[in-house]
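Just below is one structure, and these are the notes that go with it.
Taken together, the values in this text are just the output of simple stated rules run on the coordinates, not laboratory data. Just so you know, these numbers come straight off a predicted model, no measurement behind them. Note that we place each Cβ from the backbone using ideal geometry, even for glycine, and neighbour counts take in every protein chain shown.
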Amino acid sequence: MSNRLVTFGCSFTYGEGLPNCNVGNNHHGYSLTPSDHAWPSILSRLTNMDLANNAKPGSSNLEILYHILNFNFRPGDVVVVMWTFPNRDLHFISTSKKIKPFRQLGLWLKPRSKYIAEWLCNFQPVDQAVKSWLYMHHAELYLKSLGVEYIHYPINPTELNLYKPNFIPELDNYYADGFVTVDQCEADPHPGTESHKHTADKIFQILKNEFK
């Protein structure tokens, strides 16, 4: 198919909670590299492609778009974007050198600051879902402009489809299969190894049919 598989997503794509991600003692509590038990690594072995896994735990769909726009794609790349749950956001700040992401926002946070408290208080599912569609549409136009092959594979399309705005056209290569959790990690609520194998197999079949 290609010499490189490029993936984007959150902890479900990173493989948080899987065996080799429960090591280290850094600030976030996970390893510095994505798990080789996560679905992107399994998929790269199934397709015999090199892998660039750009997932980051806690990512919002805005952060996923940010990483897509800042990635150096190559001709022949095959991109799988596992869009995350809409109930997240990203806070940017300006430094003396550049504008950069600063704080991940999500419903798991405690209102330890006025900023987080206000975000939690003002959170609206429809607002975040509509914004997610805008991010996905932007990503699609950008990836098309580069001429790379891609698929959209959201974790939970039900949340997104519930609030799909009429002004967003149907996305190409949008698969609403979702991430099916068939097991969980022993000490973590994230999906386990069998769930990642199951997801990798599903995406492998999609890639075979989509990019023959």
Phi to ³J(HN,Hα) by Karplus 6.51 cos²θ - 1.76 cosθ + 1.60 over the range 131-137, Hz, x for Gly, Pro: 4, 4, 5, 5, 5, 5, 5
In nm, spacing of pseudo-spin labels at Asp201 and Asp172 (7 Å Cα→C-beta vector): 3.1
Projected area averaged over orientations for the range 114-212, convex hull of C-alpha atoms, nm²: 9.0
Cut-off under 5 Å, modelled amide H: who pairs with Cys10 long-range: Lys56
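Would you tally the net charge around Tyr115, using a Cβ to Cβ cut-off of less than 14 Å, leaving Tyr115 out, and scoring K and R as +1, D and E as -1? Each step should come with its number before you reach the end.
Numbers: positive: Arg103, Lys110, Arg112, Lys114; negative: Asp89, Glu118.
With Lys, Arg at +1 and Asp, Glu at -1, the neighbours total +2.
What's the ranking of 59-72, 125-138 by average number of surrounding C-beta atoms within 10 Å, highest first? Can you show the working numbers first?
Working: 59-72: 19.5, 125-138: 17.6.
Most protected by this proxy first, the peptides run 59-72, 125-138.
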Computed over the range 8-125, Cα set: Rg, Dmax in Å: 15.8, 48
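Rounded to the nearest 500 deg cm²/dmol, what is the calculated helix-only ellipticity per residue at 222 nm for the chain, with -39500 (n - 2.57) per DSSP H run of length n ≥ 4? It would help to have the intermediate numbers written out before the result.
Numbers: 7 runs with 77 residues, N = 212.
So the calculated ellipticity at 222 nm is -11000 deg cm²/dmol.
Suppose R0 equals 41 Å; then what is the FRET efficiency for Ala117 and Asn70 from their Cβ-Cβ distance, rounded to the nearest 0.05?
E between Ala117 and Asn70, to the nearest 0.05, is 0.85.
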Per-residue ³J(HN,Hα) for the range 70-79, Karplus 6.51 cos²θ - 1.76 cosθ + 1.60, θ = phi - 60°, Hz, x for Gly and Pro: 9, 9, 8, 6, 10, x, x, 5, 10, 10
Amide hydrogen neighbours beyond the local backbone of Gln184, cut-off 5 Å, H modeled: Gly192
Cα-Cα P(r), the chain, percent of pairs per 5 Å interval: 1, 7, 14, 19, 20, 18, 12, 6, 2, 0, 0
